[in-house]
Amino acid sequence: MHPTLPADAAETPYARLTPDLVIEAVERGGRLSDGRVLALNSYENRVYQVGIEDAEPVVVKFYRPGRWTRAAVLEEHAFALELVAAEIPVVAPLVQAGETLFEVEGYPYAVYPRRGGRWPDLDTAADRELMGRFLGRMHRVGGVRAFEHRPALDIARLGVGSADFILGGDWLPDYQVERYAELSDALIDRIELAFEAAGPCRQLRIHGDCHRGNVLWTEQGPHFVDLDDCMGGPAVQDVWMLVAGGREEARSQWRDLLEGYEQFLEFDRVQLGLIEALRALRMMHYAAWLARRWHDPAFPKAFPWFGGPRYWDNHVNELQEQLEALDGAPLRL
């Protein structure tokens, strides 16, 4: 079931972003394009590789209009440049005449050097330890100061706001509305209890969306290509999504990751009690994110399985399982 959208909501905010405009944006920085434009995988933003005459291609990222304030984007860029200055492998935007953020026809954008890599398998203890060192180094820099304009990881935004959005629209099948409402309320209660039990956690500048799909691996090790979802939050948020498998397998992976991490920064083990709460917030937020973006034609094409009764049946069942996981004993190392 999908809601009936108003006619003006059916137009993507990127409708005017033509290949010619992409090339114009790149050439405003003094580069001469060879006319080759390749769309790269991105849903929230629009990202293109653009060929340059007698030089390596560049990557231009157009931020979704209205998603972030200019100050928030500039803070993301400053964090990336700070990490690069500390020799931490993050791809930072190119600085042009002292600036990193530009605008063309109302579209804010930044230009990046092209960097490749592969999906990180993290199959070996050595790879996991290397990944842990990368995160430990990043978090050590992230702890130097706090964000002023970026969002913080909080229950109200990721949990309560997500549930309210789903319940406030015509998304759920009628027979799932009451169950979803009850489950989301119960999940929020358990999540709040988990955070209360953990107590005040040190807040760092973190990547925020650190799953394997957002990490690229080369012969030199892992790197991030951008920090679009960077936020203030606890260190555990950047680690738990890299762990997979059953409880014993997860425990072994955590030990390897923290073996590397703690060469640079101490990890507060009490944060392990937040893993299932953070997983629940991510599940709720992801469903609401798809719903919020459904008016963008790129989303129905990329996520055709979203929104039907079967999707919501599975989602509600997964939330039920997650509620049970929150009632279980937290991971111990």
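Helical content of the chain, expressed as a calculated mean residue ellipticity at 222 nm, amounts to -13000 deg cm²/dmol (DSSP H runs of 4 or more residues, -39,500 (n - 2.57) each, divided by residue number, nearest 500).
Annotation for residue 28 and residue 321: the two label points, set 7 Å from Cα along the Cα-Cβ direction, are 4.7 nm apart. Note on the chain: along the principal axes its Cα atoms extend 59, 54, 35 Å, ordered by decreasing extent. Most tightly packed first, judged by the mean number of other beta-carbon atoms within 10 Å of their residues, the peptides 185-192, 50-57 read 185-192, 50-57. When each of the peptides 13-22, 199-208, 231-240 is scored by how many other beta carbons lie within 10 Å of its residues on average, the order from highest to lowest is 231-240, 199-208, 13-22.
Note on region 7-113: Cα-Cα pairs beyond 20 Å make up 41% of the total pair count. Geometric descriptor of region 180-226, per residue, is 134 Å³ (volume of the convex hull of the Cα atoms).
For region 81-157, relative contact order (Cα pairs under 8 Å, six or more residues apart, normalised by length) works out to 27 percent.
With R₀ fixed at 45 Å, the C-beta to C-beta distance from residue 95 to residue 164 puts the FRET efficiency at about 0.65. In angstrom, the C-alpha Rg and Dmax of region 70-126 are 14.6, 48.
Arranged from fewest to most other beta-carbon atoms within 10 Å of their beta carbon, 264, 134 become 264, 134.
For the pair residue 16 and residue 36, the difference between a 0.36 nm per residue extended length and the Cα-Cα distance amounts to 5.3 nm. Taking 0.36 nm per residue of separation and subtracting the Cα-Cα distance, full extension of the segment from residue 185 to residue 115 would add 20.9 nm.
Over region 125-326, what is the relative contact order in percent, taking alpha-carbon pairs closer than 8 angstrom and at least six residues apart?
This gives 37 percent for region 125-326.
Taking the Kirkwood radius as Rh and the Cα radius of gyration as Rg, region 244-326 has a ratio of Rg/Rh equal to 1.10. Taking 0.36 nm per residue of sequence separation and removing the Cα-Cα distance, the residue 70/residue 53 pair yields an extension gain of 3.1 nm. Packing here is the average count of other Cβ atoms within 10 Å per residue, and on that basis the peptides 158-167, 270-279, 214-223, highest first, run 270-279, 158-167, 214-223.
Measuring r between the beta carbons of residue 126 and residue 329 and using R0 = 30 Å, the FRET efficiency lands at 0.50. If only the Cβ of Lys and Arg carry +1 and only the Cβ of Asp and Glu carry -1, the dipole of the chain around its Cα centre is close to 400 debye.
Candidates 29, 65, 81 compared by Cα position along the dipole of region 7-113: farthest toward the positive end lies 65, with charges placed on Cβ. Computed over the Cα atoms of region 231-280, pair by distinct pair, the Kirkwood hydrodynamic radius stands at 11.4 angstrom.
Values in this text are rule-based calculations from the coordinates and carry no lab data. In this text, all values refer to a predicted model and were calculated from it rather than measured experimentally. Cβ sites come from the backbone with ideal geometry, for glycine too, and all protein chains shown count toward neighbours.
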